[in-house]
Amino acid sequence: MSRRTIVASLAVLGLALAIAALAGLGTGTGTAAPHAKQLSGTVSLSGWQSSPVEDNLLRQVIKAFQKKYPKIKVSYTALGGDYDATMLAKFAARKPPDVFYVNGHVFPVWVPQGVLASLSPYIKKYHFSTKPFFPRLLSGFKYKGQTYGFPKDWGPLAMFVNTDMLKKAGAKTPTTWATLRSTAQKLKSSNAVPGGTPICLSDDWARVFAFVYQNGYKGGILRSNSIMSSKVKAAANYYVGLWKSGLAKRPQDIGASWNGDGFMKGKCAIAFEGPWLVPPLKDVPSIHYKIAALPKGKTRGNLAFTVSYSIAKDSKHKALAWTLLTYLTGRAGMKKWTSLGLSLPSRKDVKPVSRLSTFTKAAGYSHVWQGGPKFNDVITAANNELSAVAEGKESVNSMLSKIRSAAKSAGQ
Amino acid sequence: MRSWAWGSERIREALVGYAFILVPMGVFLLFFIFPIGYAVYISRYNWGILGKIDFVGWGNYRTLFHDPIFWRAVKNTAMFSVAVVILEVTLGLALAVIVNQTLRFRTFYRAGFYFPSIASSAAITAIAIYILSADGLLNSFLGLFGYDTNRPWFYDSGTALWSLVGLNGWATSGTIMLFYLAALQAIPVEVYEAAAIDGARTWRTFWKVTFPLLRPAHFFVLVVAVIGALQMFDQAFLVAGPEGGPNYSTLTVVLYLYNKAIANAEFGYAAAVGVMLFVGIFAITVIQRLLFGRPEVA
């Protein structure tokens with residue numbers, strides 16, 4: 001290359017940069033990078049997929065994106081197997097995908113390690129409005145005042161009720177802790193669930209804590225300073241009491257792999273699960289059911305399981321990544337993504353499919369299932385202790401004090 | 001003219017020998033020895049996703065020694081290993097002796113007994129989960145004998161680890177059988193003939209002739225079995241997930257290492273767990289070597 005061509009190339013490059021900078025100063029549309037239409041290149045996207053239907057749906061959303069931005073090519077890979085392990089290897093190799101899923105409870109592990117790019121400068125630069133996101137969900141992806149992801153969707157818990165069994169028992173859908181017990185009692189005495197149990201109740205703190213919040217608890221999830229409080233204790237006692245009085249069984253005790261499995265096999269009349277149970281229930285037309293809000297304790301309480309779209313700090317195509325991210329979590333993208341009712345929109349301005357409307361009502365009182373960077377240690381301890389309680393080998397008090405020490409050594 | 005620089009014929013031969021093993025040795029050093037050294041290095045740091053965060057000296061090891069969950073995992077792994085090694089070696093030896101006889105369909109039995117060892121561990125575990133579930137085949141079978149139970153064998157803290165022992169012992173017995181079978185066939189027929197002439201019966205022949213002559217095989221089989229058992233991960237993970245429940249009953253050392261590395265991104269700490277496991281396995285292998293001597297015959 002001669003010196004003249006180098007000078008000429010530099011001049012062209014300089015001009016291009018200047019144009020790009022000027023375009024960047026233009027007024028924001030509030031959806032994406034203002035110069036997004038001029039951007040071109042390839043942006044990589046990764047996540048996990050729980051079903052071929054879901055995979056296909058995301059491909060359709062990507063197709064719609066490429067129609068809008070024909071110059072941007074999206075290279076999408078669903079990472080099978082152990083998503084977190086695969087992503088850690090990609091981060092460590094400094095070759096992560098540009099845009100990817102981050103599970104809400106994994107976010108506190110990844111963000112302090114400096115692998116996620118802060119979105120705050122882009123939000124500011126492009127006047128991107130985060131107001132449509134449910135604030136509780138968005139706050140799950142904030143760290144030290146910066147935003148590191150937008151929730152792509154979410155799911156709270158609800159009460160799945162087998163209507164045939166309820167009719168057989170002559171009971172109504174329970175709405176409170178007291179009526180949950182009395183309904184379960186009726187189901188039991190009328191033998192409305194032959195070979196099963198009134199309630200499928202897993203030994204899982206990701207279910208117990210919904211009851212904890214229903215009991216008026218206001219703190220964080222599995223925190224050492226509040227786990228021994230009377231509100232947690234009473235909620236745990238209520239939950240454990242359902243097993244002890246024979247009104248509920250763990251799914252493994254009735255030959256099921258999870259609550260939803262027990263419900264689909266007709267082995268329980270009531271199960272507390274999320275919107276993920278709706279698609280598989282379609283394949284079991286013999287089960288007639290309805291979705292109701294979780295029973296109310298002193299107040300309403302629920303958990304939110306959410307996943308974000310985030311950008312890698314090592315991404316070399318941040319502008320493209322931002323364009324894709326804001327499309328996927330934008331109104332049009334999210335509308336398409338949630339159109340089949342596989343998940344709930346995390347934006348207020350996108351309506352969920354009608355059969356999921358019960359879930360959306362929980363947005364105001366759901367707490368993101370999330371803890372500190374060593375949350376996993378605490379969950380592991382908490383669930384192991386809970387299984388000991390379920391087997392009658394430990395008391396609720398002793399369980400809570402062991403969880404407290406696990407939470408303490410995990411620094412939360 | 002002979003090149004004097006190559007020295008004697010012996011040196012030349014040695015050089016050719018080394019040249020032959022250069023590539024496999026390189027692979028061995030790069031993928032086995034180097035990672036072990038690197039793991040020791042990492043274990044002295046607070047090591048995150050993107051590399052070192054700060055130097056902690058022996059801090060990770062100190063924390064590890066006071067970590068009750070780690071010791072629970074060590075206890076589980078030890079109990080599992082002792083039980084599974086006894087089971088798989090006994091079963092493997094018994095099967096080897098059986099299929100070493102002149103039976104009808106001998107090849108069929110050999111293939112059949114070996115099958116679980118080549119089948120996918122995940123597939124076998126998935127089937128075992130069904131069989132051992134609360135309303136599974138095993139409980140129905142026990143019901144036939146009047147023992148009514150709906151115990152979820154894998155999900156009851158009293159039986160979970162022992163169910164894993166059963167599953168793993170059965171699945172690995174085929175490989176052990178194969179090792180013993182090879183060793184059995186190396187025993188000369190004359191020895192048995194001599195025993196028969198001396199009037200030794202089957203049982204006595206086995207204990208006095210066959211068993212002692214299998215000594216080199218015992219050493220090899222025990223070393224392989226113990227190392228495999230101490231590294232238990234896949235079946236425990238598939239059955240109970242990373243939490244090692246219920247009530248920590250299926251938490252093994254490698255499962256614990258996995259939790260620390262993948263779920264917490266605490267690679268330094270996880271490396272310390274790995275180094276401890278390595279030291280443990282190494283020590284046990286040395287002890288076995290002292291007890292059983294050198295493997296004289298391959």
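A short reminder: the numbers here are calculations on the coordinates, not readings from a lab. Source: prediction; values computed, not measured. Glycine gets a Cβ as well: all are built from the backbone with ideal geometry, and neighbour counts include every protein chain shown.
Remarks
- A simple charge model with +1 on the Cβ of Lys and Arg, -1 on the Cβ of Asp and Glu and nothing else charged puts the dipole of the protein assembly as shown at about 3180 debye relative to its Cα centre.
- The distance from the alpha carbon centre of segment A:81-158 to that of segment B:67-100 is 44 Å, rounded to a whole number.
- Global form of chain B, assessed from the alpha-carbon gyration tensor, a/c cut-off 1.5: oblate
- Distant-in-sequence amide H partners of residue B:45 (H built 1.01 Å from N, under 5 Å): B:56
- Fewest-first ordering of A:175, A:329 by other beta carbons within 10 Å of each residue's beta carbon gives A:175, A:329.
- Rounded to 5, percent antiparallel among DSSP beta bridges of the protein assembly as shown: 60 percent
- For residue A:133, the residues 5 or more places off, or on other chains, whose built amide H falls under 5 Å of its own are A:348.
- Three-way shape call for chain A based on the alpha-carbon gyration tensor, with the a/c threshold at 1.5: prolate
- As a proxy for reagent exposure, ranking B:203, B:153 by other Cβ atoms within 10 Å from fewest up yields B:203, B:153.
- Mean per-residue shielding of peptide A:371-379 is 3, counting Cβ atoms of other chains within 10 Å of each Cβ.
- C-alpha center-to-center spacing [segment A:312-343, segment A:182-203] in angstrom: 43 Å
- Segment A:87-140 - charge dipole about Cα centre, Lys and Arg +1 at Cβ, Asp and Glu -1, debye rounded to 20: 100 debye
- Karplus-derived 3J(HN,Hα), 6.51/-1.76/1.60, for each residue of segment A:77-87, Hz, glycine and proline x: 10, 7, 8, x, x, 7, 4, 4, 5, 5, 5
- As a proxy for reagent exposure, A:110, B:162, A:243 were ordered by neighbouring Cβ count within 10 angstrom, fewest first; the result is B:162, A:243, A:110.
- J(HN,Hα) series, segment B:42-52, from Karplus relation 6.51 cos²θ - 1.76 cosθ + 1.60, nearest Hz, glycine and proline x: 4, 5, 9, 10, 7, 10, x, 4, 9, x, 5
- Per-residue HN-Hα couplings for segment A:276-287 [Karplus 6.51, -1.76, 1.60; θ = phi - 60°; Hz; x = Gly/Pro]: 5, 7, 5, x, x, 5, 4, 7, 10, x, 6, 8
- Nonlocal amide H pairs with residue A:114, under 5 Å, H built at 1.01 Å: none
- Gain in span if fully extended, residue B:213 to residue B:16, counting 0.36 nm per residue against the direct Cα distance: 67.2 nm
- Dipole orientation for the protein assembly as shown: of the candidates A:364, A:48, A:74, A:364 has the Cα lying most toward the positive pole (charges on Cβ; Lys, Arg +1; Asp, Glu -1).
- Taking a straight Cα-Cα cut-off under 25 Å and skipping sequence neighbours fewer than 8 places away in the same chain, the lysines within cross-link reach of residue A:267 are A:167, A:168, A:172, A:186, A:188, A:244, A:249, A:282, A:290, A:296.
- Among B:180, B:41, B:18: highest mean-square fluctuation, GNM of chain B, C-alpha pairs under 10 Å: B:18
- Segment B:215-270 and segment A:373-412 have Cα centres separated by 22 Å.
- Here's the picture: charge each Lys and Arg Cβ at +1 and each Asp and Glu Cβ at -1 in the protein assembly as shown, and of A:64, B:149, A:266 the one pushed furthest to the positive end of that dipole is A:64.
- Comparing B:203, B:45, B:11 along the charge dipole axis of chain B, the residue lying farthest to the positive side is B:11, per the Cβ-charge model.
- Max mean-square fluctuation residue, GNM over chain A, Cα-Cα springs under 10 Å, options A:306, A:179, A:86: A:86
- 28 Å Cα-Cα threshold exceeded, pairs from A:313/A:408; A:142/A:335; A:142/A:408: A:313/A:408
- For the options B:65, B:108, B:31, a Gaussian network treatment of chain B with springs between C-alpha atoms closer than 10 Å singles out B:31 as fluctuating the most.
- Three-way shape call for the protein assembly as shown based on the alpha-carbon gyration tensor, with the a/c threshold at 1.5: oblate
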